[in-house]
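Peer 1: I have a structure I would like to understand better, so I am pasting it below and will then ask my questions one at a time.
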Amino acid sequence: MNTWAGIGDSGEEVHVSNITFVKAKEADLETILSIYNYYIATSTATFDIGPISKDEMSQRLFVNHQKYQTYLIKSNGDAIGFCFLTQFRKKKAYDRTAEIGLYIKPEFTRKGFGKEAILFLEKVAIYRQIKVIVASISGENLASIKLVQKMGYTQCAHYREIGEKFGRLLDVIDFQKSL
């Protein structure tokens, strides 16, 4: 399928450029978890301290949700990452806003896949009538900060030393984009 119309309804995958976005299923949680747990162990891209379980990941990500969805990012048939839109806050007043998440295997970073994933998620958001996307990024994650800035996101908050990982106090910087 190469149309945006099927993103949220019957479409299971969308081909963009040289990658494919596939709606994640319960069976994909192990793949997603292995990518995410890598970032837990090796970076401050996530503020989890230790590996999380499949059940915990299942509770965090939306699979088969009508509005929010997680997608595997595939290149040449292999999963190279995952991306998602999730509920910004659990209050009706925030229904027009979503938070974005993106994790790509390290060997596939800096190849344009992140940009394609953000463009894809923005189109999904528009289709789902989401008007604002928020990205919360560790202050040390300079590559992600540069990416969202390049994609037109503007800084809207800077929380100083609110997280601690690897013995360091870490900032969180929020960016937003109106669609």
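The values are calculated or read from the model by the stated rules, or taken from the named source; none is laboratory data. In this text, all values refer to a predicted model and were calculated from it rather than measured experimentally. Cβ atoms come from the backbone with ideal geometry, glycine included; neighbour counts cover every protein chain shown.
Peer 1: Could you grab the pairs with beta carbons closer than 8 Å, sequence gap of 6+ or different chains, first residue in the range 166-179 and under 10 Å from S138 (Cβ atoms), second one among the aromatic types (F, W, Y) and in a strand (DSSP E or B)?
Peer 2: Note: pairs meeting the criteria are D171/Y159; V172/Y159; I173/Y159.
Peer 1: Do we find that Y38 is at pLDDT 90 or above, over 16 Å from A117 (Cβ atoms) and outside any loop (DSSP other than H, G, I, E, B) in this structure? Show your work before the answer.
Peer 2: Details: at pLDDT 90 or above: yes; over 16 Å from A117 (Cβ atoms): yes; outside any loop (DSSP other than H, G, I, E, B): yes.
It is true that Y38 is at pLDDT 90 or above, over 16 Å from A117 (Cβ atoms) and outside any loop (DSSP other than H, G, I, E, B).
Peer 1: Inside the range 116-146, can you point out the residues that are more than 22 Å from N37 (Cα to Cα) and part of a helix (DSSP H, G or I)?
Peer 2: Of everything in the range 116-146, those that are more than 22 Å from N37 (Cα to Cα) and part of a helix (DSSP H, G or I) turn out to be E116, L119, F120, L121, E122, K123, V124, A125, I126, Y127, K146.
Peer 1: Before we move on, is K146 over 27 Å from L169 (Cα atoms), free of Cβ contacts under 8 Å to residues at least 24 places away in the same chain and surrounded by fewer than 19 Cβ atoms within 10 Å (Cβ to Cβ)? Steps first, please.
Peer 2: Working: over 27 Å from L169 (Cα atoms): no; free of Cβ contacts under 8 Å to residues at least 24 places away in the same chain: yes; surrounded by fewer than 19 Cβ atoms within 10 Å (Cβ to Cβ): yes.
Considered against the rule, which asks whether it is over 27 Å from L169 (Cα atoms), free of Cβ contacts under 8 Å to residues at least 24 places away in the same chain and surrounded by fewer than 19 Cβ atoms within 10 Å (Cβ to Cβ), K146 comes out as no.
Peer 1: On to the next question. What about K111, is it under 17 Å from the mean Cα position of the chain (by Cα), at pLDDT below 95 and not in a helix (DSSP H, G or I)?
Peer 2: Here the answer is yes, as K111 does meet what is asked.
Peer 1: Can you confirm whether A117 is surrounded by 18 or more Cβ atoms within 10 Å (Cβ to Cβ) and either farther than 15 Å from A24 by Cβ or touching a Lys or Arg at 6+ places or on another chain (Cβ under 7 Å) (or both)? Show your work before the answer.
Peer 2: Working: surrounded by 18 or more Cβ atoms within 10 Å (Cβ to Cβ): yes; either farther than 15 Å from A24 by Cβ or touching a Lys or Arg at 6+ places or on another chain (Cβ under 7 Å) (or both): no.
So A117 does not fit the description; no.
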